[in-house]
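To start, the structure under review is shown below, and the notes come after it.
The values are calculated or read from the model by the stated rules, or taken from the named source; none is laboratory data. Quantities reported herein were computed from a predicted structural model and do not represent experimental measurements. Cβ coordinates were reconstructed from backbone atoms using ideal geometry, including for glycine residues, and neighbour counts include every protein chain displayed.
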Amino acid sequence: MEANTKPFSLFDLVYKYGTVAVIAIVVLLFSIVNPYFFTYDNITDILRSISIVTFVAVGVTFSLIVGGFDLSVGSTVSLTTVVSASMMVWYEQGPLVTLAVPIVLSLIVGLVNAFLAVKIRIMDMLATLAMLYIVNGIHTTYSKGYSIYANMPMQDGTNAPGKFQDWFLWLGQGEILSVPVPVVLTFLLVALTHVYLTYTRQGRMLYMTGGNLEAARLSGIPVDRYRTLAYVLSALFAGLGGILLAARVGTGQVSAGGSMLMDAVAAAFVGFSVFGAGKPNVFGTFVGAILIGVLLNGMTMLNLPYYSYDIVKGIVLAVALAVTYYQVRRKRRA
Amino acid sequence: MSTLHMQGITKQFSGVPALQGVDFEVKAGEVHALLGANGAGKSTLMKILTGAYQADGGSISIDGTPVAIHTPQDAKALGIQCVYQEVDTALIPNLSVAENILMDQLVHKNASSLISWKRLFAESADILRSFGFAIPVHKKVEECTLSEKQLILIARATVQKAKYVIFDEPTAPLSNKESERLFEIIAQLKNAGVGIIYISHRLPEIFQLCDRITIMRDGQRVATTATADTNMDEVISHMLGKSFSEEFPKVDVPIGEKLLEARGIKGGKVRGADLTVREGEIVGVVGLVGAGKTELARLLFGADPAEAGEVRLKGSKLRLDSPRDAVEKGLVLVPEERRKEGIFVEESVKNNLSVAALSKWTGLGFVRQGLEAGHAKDLVQKLGVKTANIGQLVGFLSGGNQQKVAIGKWLGTDASIFLFDEPTKGVDIGAKSDIYRLIGKLATEKKGILYFSCEFPEVIGIADRILVMFEGKIVKELTRAEATQELIMYYASGGE
């Protein structure tokens, strides 16, 4: 059973290059239908639109790597969006507090997730489902259900004292050498986490922990610590995504992260198969996010109704899962 | 008088003969013991009788009339019931005792679609009372003790007009008192004209209980005798056959300082074990399946938390609840369940071989790929792992090569004590002798070795000293010179 004598299989080929091929075909099709599609402006637009989802999806990838699952990331996005906005608008805080408070909050969410899933040993899907609701409830309670914007009316009849500051808006709307800042940040995130996961000892240990939890424990790996790390990083990246979202939109939209979960999960699962990795990986996740971004952008251009997007996203996720699980079954048989 | 007759039963598993023309019979109203060492073919024969397996050849008849048993339902329809050793696979944990006892009636084709709970509980309570079992019928099975589960299975098997009942190691989870109670029940069944096939590793109870004994070895029947006409020594020598000697590359190593000392280890099946291992010493721990060897190995390593006991390695105390602590202090385990606990099948040979000591090849947090690959290549060559390259996924390797990787994982660490739990299980002959040689080599490097196995010849061949386990305790210590298979079997099956 040597790798180089394996018979040629169409599935293997599709599995390895399918995602990339689909992106190429979709780009080609949309370009033919609408010449504006394949322009620098539109491509940076797509990348900017997926930058926040990519942050969240990278977080989900970390939870998948250790064999877990984090459903609470969407709520964490909503939380940090509202909190970072409120720091400026309600409390007139500067950069330090505006960034530190939401980051610390997201770290706490990650630690609670880890406590429930790792220490108490609730099934991760259910533990983070509970957190999804708790965090969501906290952020709507905190914002009293209102989105946060400059000069918004406060409950005591006055208007909010602060406003979104320029440095903050630059994070979401600025450009460096005509590349949008969120796109630059996304590339940085993908590059750094890719290096971390591929070339460092901790990255390797995260993969070993997820690959076989019991064997990892019996190899002397502190598996609980690595699982905790994964949940904390998952929440942290979701939290950073939420801050970027506020910066991009210029308001603290309430429940803005709700739709992010689905997109992020889809991106991470699409990423399993990219170039035949067969396991969660940051680069694949980025490609998955691009696929979703391209599809949504194209559909917008075709003037398809907004409501139909979920159908497409759901199908992408279902196909990605089908391919992943089919591959797992094939491997088992081998 | 009704007689069940199995004649010339053959069975192969992927070309390897498991049964080679076995004859076996059991009469109504007798208790017939079926004996044999691990792998003799008892379980396979019984699985054919209960319809779990299909025989390749041979016939089964009842009172001279051939019967066809293709499915477990066929066997049940003929009145053949089995009380399995693995009670948890035969019971549904989240249902009540009553539902489990009357399960066959509930799922029967002609069963009413509506369940009369009142009748269900009343009937099952009657059944339990008739056996003298005091188990509340409303209780959920998952809340029952192991022995209660065993009794539920017995009740279930016997309630349905069973003509023949197989008991597979029924006393293993039972206390002495409960065992006595079981023997009474078996006597009742026997008097009621039920034919009983009794499988057990415990020779004393077989001589107490059984009318006849059939002994199997290597897929063949070697003897059937009345219990009165034989004795324990004769039975043991039948089970083991001619003492065959395998070539073991045993190297004589001077035994050095004391490395490992364990006192009063208790937890789960293990009821108090003391042992020591010295430098260069290979200590065999033997026992039949279920004697508690794997459990002891896991307790020493900290894989399962111990209830009591103390383990010292070169004088420093191990935590006993943390494999990590054991690995750091230099005690490592090559586990029995290789694929589940030893290796990472979806990772490469290289990543598997470096996992336990990766910090050795890490600089500033980054894995130094060149050094790591060099180490992996060295080990692959040293261990003779047959793999295309070090990037190959371990899941694609053969069992023997996977085992070499599972052992190789520890060779990068500075471990001084190696625990091997059934290291040659599911491993081909060639890889087996590689593994023996490797263990011998570790001993020459002044490592201490604990070798857990139920393969007696293997342990006699490789160990300097042999500890025999029975029911969670180390019951006898033998030197290499005095150990024979017969002697080990005698102590491993409860002889004193």
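Observations
- Residues satisfying the stated conditions in the range B:183-232, i.e. surrounded by fewer than 20 Cβ atoms within 10 Å (Cβ to Cβ), modelled with pLDDT under 90 and among the acidic types (Asp, Glu): B:GLU184, B:ASP218
- Entirely in the range A:161-258, the helices (runs of 4 or more DSSP H) that have 3 or more residues that are away from chain B (no Cβ under 14 Å): A:166-173, A:181-199, A:223-249
- Residues of the range B:368-404 classified as more than 9 Å from chain A (Cβ to nearest Cβ), among the small types (Gly, Ala, Ser) and part of a loop (DSSP other than H, G, I, E, B), total: 1
- B:LYS446 being over 18 Å from the mean Cα position of the chain (by Cα), surrounded by fewer than 23 Cβ atoms within 10 Å (Cβ to Cβ) and either under 22 Å from B:GLY302 (Cβ atoms) or touching a residue at least 12 places away in the same chain (Cβ under 8 Å) (or both): yes
- Of everything in the range B:44-84 that is on the phi > 0 side of the Ramachandran plot and assigned to a loop (DSSP other than H, G, I, E, B), the residue that is surrounded by the most Cβ atoms within 10 Å (Cβ to Cβ) is B:GLY51.
- The residue list B:GLY309, B:GLY284 contains one member that is touching a residue at least 40 places away in the same chain (Cβ under 8 Å) and surrounded by 24 or more Cβ atoms within 10 Å (Cβ to Cβ), which is B:GLY284.
- Matching residues in the range A:259-278 - criterion: being hydrophobic (A, V, I, L, M, F, W, C) and within 14 Å of chain B (Cβ to nearest Cβ): A:PHE272, A:ALA277
- Taking the numbered list (1) under 16 Å from the mean Cα position of the chain (by Cα); (2) buried (at least 24 other Cβ atoms within 10 Å of the Cβ) in turn, A:ALA215 passes all entries but (1).
- Only residues that are in a helix (DSSP H, G or I) and within 19 Å of A:GLY59 (Cα to Cα) were counted in the range A:71-98, giving 9.
- Residue that is surrounded by the fewest Cβ atoms within 10 Å (Cβ to Cβ) [pool: residues in the range B:342-360 that are within 7 Å of chain A (Cβ to nearest Cβ) and either touching a residue at least 24 places away in the same chain (Cβ under 8 Å) or of a type in the set (Val, Ile, Thr) (or both)]: B:GLU346
- Scan of the range B:155-197 for residues that are over 25 Å from the mean Cα position of the chain (by Cα) and part of a loop (DSSP other than H, G, I, E, B), ordered by number: B:GLN160, B:LYS161, B:ALA162, B:LYS163, B:ALA192, B:GLY193, B:VAL194
- Applying a threshold of 8 Å to beta carbon distances and a minimum spacing of six or more residues, or different chains, the list of pairs starting in the range A:21-34 at a residue that is of a type in the set (Val, Ile, Thr) and ending at one that is outside any helix (DSSP H, G or I) and surrounded by 15 or more Cβ atoms within 10 Å (Cβ to Cβ) reads A:VAL27/A:PHE37.
- Scanning the range B:134-145 for residues that are assigned to a helix (DSSP H, G or I) and in contact (Cβ under 8 Å) with a residue 24 or more places away in the chain turns up at least one hit.
- Among residues of the range B:449-471 being within 12 Å of B:GLU281 (Cβ to Cβ) and in contact with a helix residue (DSSP H, G or I) (Cβ under 9 Å, 6 or more places away or on another chain), the one that is surrounded by the fewest Cβ atoms within 10 Å (Cβ to Cβ) is B:ASP464.
- Applying the criterion of being under 25 Å from the mean Cα position of the chain (by Cα) and in a loop (DSSP other than H, G, I, E, B) to the residues of the range A:138-160, the residue that is farthest from A:THR76 (Cα to Cα) is A:TYR149.
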